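The values are calculated or read from the model by the stated rules, or taken from the named source; none is laboratory data. Since this is a predicted model, take the numbers as computed values, not measurements. Don't worry about glycine lacking a Cβ; one is built from the backbone with ideal geometry, like all the others, and counts go over all protein chains shown.
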Amino acid sequence: MIKYHENVPLMVIDVQKAFDNSSWGKRNNPNAERNIEKIIEYWNVNQRLVIYVKHLSNKKESLFYSKSATSEFKEIINPKPKDIIITKSVNSAFIGTNLEEILRKNNSTNIVITGLTTNHCVESTTRMAGNLGFNPVLVSDATATFDRKSINGETLPAEKIHEMSLANMNEEFAIIKNTEEILAMF
């Protein structure tokens with residue numbers, strides 16, 4: 001098994017109250033937040049860097065509108081003074097932010113990625129991390145997504161979308177591991 005150095009940051013993407021809104025529909029992996037919380041606790045106990053990413057919108061009708069309660073982090077997110085919070089307005093946490101600079105400054109060749117949702121901001125950020133030369137490790141059971149309608153109107157189940165996203169990224173853009181495997185790698 002690969003063992004990682006201590007300077008590997010944990011990235012927690014868009015774990016916000018907006019995703020509790022029923023308008024999203026059916027979701028897979030109801031334990032994602034519990035697994036994210038477990039990984040955060042491990043990083044905090046071992047005094048490792050946690051980077052929290054928050055999606056904010058200027059559109060008042062958005063669940064991510066910067067002045068709405070739904071744009072706030074879920075209760076499990078409690079950044080420490082040493083942690084970094086990045087705000088973004090698009091899918092990738094690298095666009096319009098200083099994330100790449102932070103990772104390079106910290107010599108963070110590897111990154112552990114968790115968050116919501118698998119096929120949107122998590123996948124966009126993970127792909128870009130891989131394209132920028134970082135080595136992301138995506139935690140499969142510490143992310144989740146929702147059912148979607150296909151262009152033909154068919155309902156695509158969240159679990160299949162999640163699996164497809166992981167398959168798309170596996171070994172090309174990221175290494176895919178589960179929570180227990182991640183904790184064993186450090």
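Overview of results
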| read-out | value |
| --- | --- |
| Residue in region 108-121 that is touching a residue at least 24 places away in the same chain (Cβ under 8 Å) and over 15 Å from the mean Cα position of the chain (by Cα) present | yes |
| N35, sole failed condition from (1) under 15 Å from the mean Cα position of the chain (by Cα); (2) under 19 Å from V137 (Cβ atoms); (3) not in a helix (DSSP H, G or I) | (3) |
| The listed residue being free of Cβ contacts under 8 Å to residues at least 60 places away in the same chain, farther than 21 Å from E123 by Cβ and of a type outside the set (D, E), out of S68, S57, S62 | S68 |
| Within region 38-86, tally of residues that are part of a loop (DSSP other than H, G, I, E, B), aliphatic (A, V, I, L, M) and surrounded by fewer than 15 Cβ atoms within 10 Å (Cβ to Cβ) | 1 |
| Region 108-145: number of residues that are among the acidic types (D, E) and in a strand (DSSP E or B) | 1 |
| Residue in region 17-25 that is at pLDDT below 95 and part of a loop (DSSP other than H, G, I, E, B) present | no |
| Conditions (1) within 14 Å of the chain's Cα centre (by Cα); (2) free of Cβ contacts under 8 Å to residues at least 40 places away in the same chain; number of the one not met by T126 | (2) |
| Residue among T143, T155 that is under 15 Å from the mean Cα position of the chain (by Cα) and not acidic (D, E) | T143 |
| Extreme residue, surrounded by the fewest Cβ atoms within 10 Å (Cβ to Cβ), among residues of region 146-186 that are part of a loop (DSSP other than H, G, I, E, B) and among the hydrophobic types (A, V, I, L, M, F, W, C) | I151 |
| Region 145-159 residues that are over 15 Å from S22 (Cβ atoms), paired with ones that are in a loop (DSSP other than H, G, I, E, B) and of a type outside the set (G, A, S) (beta carbon under 6 Å, 6 or more apart) | T145/T117; T155/D147; P157/D147; E159/N28 |
| Region 18-72, residues that are touching a helix residue (DSSP H, G or I) at 6+ places or on another chain (Cβ under 7 Å), of a type in the set (K, R) and within 26 Å of E100 (Cα to Cα) | K38 |
| Condition check for E100: assigned to a helix (DSSP H, G or I) and either under 26 Å from A158 (Cβ atoms) or of a type in the set (G, A, S) (or both) | no |
| Conditions (1) in contact with a helix residue (DSSP H, G or I) (Cβ under 8 Å, 6 or more places away or on another chain); (2) among the aliphatic types (A, V, I, L, M); (3) closer than 26 Å to I161 by Cα; number of the one not met by M128 | (1) |
| For V12: the one exception among (1) free of Cβ contacts under 8 Å to residues at least 40 places away in the same chain; (2) within 27 Å of R148 (Cβ to Cβ); (3) assigned to a strand (DSSP E or B); (4) of a type outside the set (F, W, Y) | (1) |
